[in-house]
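The values are calculated or read from the model by the stated rules, or taken from the named source; none is laboratory data. Bear in mind that the values here come from a model prediction, so they are computed numbers and not experimental data. Every residue, glycine as well, gets a Cβ built from its backbone with ideal geometry; the counts of neighbours run over all protein chains shown. Note: areas computed on protein heavy atoms with side chains; ligands, DNA, RNA excluded. Shrake-Rupley method; radii C 1.70, N 1.55, O 1.52, S 1.80 Å.
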Amino acid sequence: MATAAQTVKRQRSCIACGAQADKVGLLRIVRSPEGAVAFDPSGRAPGRGAYVCSAECFAAACKKKKLDRALKATLGSDDYDRIAADIAAHADDARKM
Ligand SMILES: [Zn+2]
């Protein structure tokens with residue numbers, strides 16, 4: 001399914017390993033204007049975003065506090081757990097499709 005937004009190629013890099021990919025090839029974590037941090041499967045949620053290329057890189061970015069820095073937010077372990085679970089669920093969905 002191609003949309004107008006996906007035809008615009010914007011390279012982003014993974015905050016953990018630095019791998020570059022199209023925006024749609026990375027997992028986006030977003031801090032909403034209200035300050036809530038969440039996984040953004042659409043890649044279009046408003047707010048400040050950070051990108052990782054895999055669940056492994058998400059875990060690495062968490063461990064090194066890179067996600068906190070990228071989002072200018074302080075994440076608790078419950079935030080990490082919730083986002084990791086959302087990413088895992090998203091990966092499962094992608095495999096089914
Ligand atoms: Zn990576």
> Can you tell me the accessible area per residue over the range 9-96, all protein chains present, probe 1.4 angstrom, in square angstrom?
Replying inline: 58
> Between Ala45 and Arg69, what is the label-to-label distance in nm when each label sits 7 Å out along the Cα-to-Cβ direction?
Replying inline: 2.3
>> Give me the net charge for the shell around Cys17: Cβ to Cβ below 14 angstrom, other residues only, Lys and Arg +1, Asp and Glu -1.
In response: +3
> How much mean residue ellipticity at 222 nm does the chain get from its helices, if each DSSP H run of length 4 or more adds -39500 (n - 2.57) and you divide by all residues, to the nearest 500 deg cm²/dmol?
Replying inline: -11500 deg cm²/dmol
> What Cys residues in the chain are without a partner cysteine, judged by a Cβ distance under 4.7 Å?
Replying inline: Cys17, Cys57, Cys62
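Calculate what fraction, in whole %, of the accessible area of the chain sits on carbon and sulfur atoms when a 1.4 Å probe is rolled over the protein chains.
Its accessible area is 54 percent carbon and sulfur atoms.
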> Using the Cα atoms as the points, what is the convex hull volume per residue of the range 9-96 in Å³?
Replying inline: 88
>> Could you tell me the relative contact order of the range 9-96? Use alpha-carbon pairs under 8 Å, at least six residues apart, and round to a whole percent.
In response: 27
>> Lysine pairs in the chain with Cα distance under 21 Å, only those 8 or more apart or on different chains: how many are there?
In response: 5
